[in-house]
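First comes the structure, then the notes that go with it.
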Amino acid sequence: MDETIVSMTTTKFNALIALVQQYGAAFAVKIISAIAFWIIGRWLIGFAVGMVQRALTQQKLDPTVLRYVGSVITVTLNIILVIGILGYLGMQTTTFAALLAAVGLAIAFRGRVEALSVSS
């Protein structure tokens, strides 16, 4: 009787270890891929922002405008990168997209209200 219990427990424990190894390996690959996406994405964002700033510098734009445009592009692309990585990892990203859309509308409406109040 005791041998049967030990045998069943050992079998279940081995099955559990195999399951953890299977899912752990898949999860580790996803995490490593997400880190690689982050590193490559950040490099591409820096490259793109540098290209835009060089192009705007050739047009002799004000340095303040250059920094502002660079910051806006960097923040926007970083948000898109993070949402993309979270989607790759399996998280639902529709709420993030809806939140970003709401923030964009709020900023647009605030600008419109300020423009209306100034013109009156």
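The values are calculated or read from the model by the stated rules, or taken from the named source; none is laboratory data. What you are looking at is a predicted structure, and each value in this text was computed from that prediction instead of being measured. A quick note on method: Cβ atoms are made from the backbone with ideal geometry, for glycine too, and the neighbour counts reach across all protein chains shown.
The figures follow:
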read-out	value
Filter pass, residue 36 being closer than 25 Å to residue 82 by Cβ and surrounded by 10 or more Cβ atoms within 10 Å (Cβ to Cβ)	yes
Qualifying residue in segment 98-119 (condition: touching a Phe, Trp or Tyr at 6+ places or on another chain (Cβ under 6 Å) and at pLDDT 75 or above)	no
Boolean, residue 17 is aliphatic (A, V, I, L, M) and closer than 30 Å to residue 99 by Cα	no
Selection count, segment 47-83, where residues are in contact (Cβ under 8 Å) with a residue 12 or more places away in the chain and either over 22 Å from residue 100 (Cβ atoms) or hydroxyl-bearing (Ser, Thr, Tyr) (or both)	4
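A quick yes/no check of all residues on (1) modelled with pLDDT under 90; (2) surrounded by 10 or more Cβ atoms within 10 Å (Cβ to Cβ); (3) not assigned by TED's automatic domain parsing to the domain that holds residue 78:
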{"position": "6", "(1), (2), (3)": "yes, yes, no"}
{"position": "11", "(1), (2), (3)": "yes, yes, no"}
{"position": "17", "(1), (2), (3)": "yes, yes, no"}
{"position": "40", "(1), (2), (3)": "no, yes, no"}
{"position": "54", "(1), (2), (3)": "no, yes, no"}
{"position": "57", "(1), (2), (3)": "yes, yes, no"}
{"position": "62", "(1), (2), (3)": "yes, no, no"}
{"position": "66", "(1), (2), (3)": "yes, yes, no"}
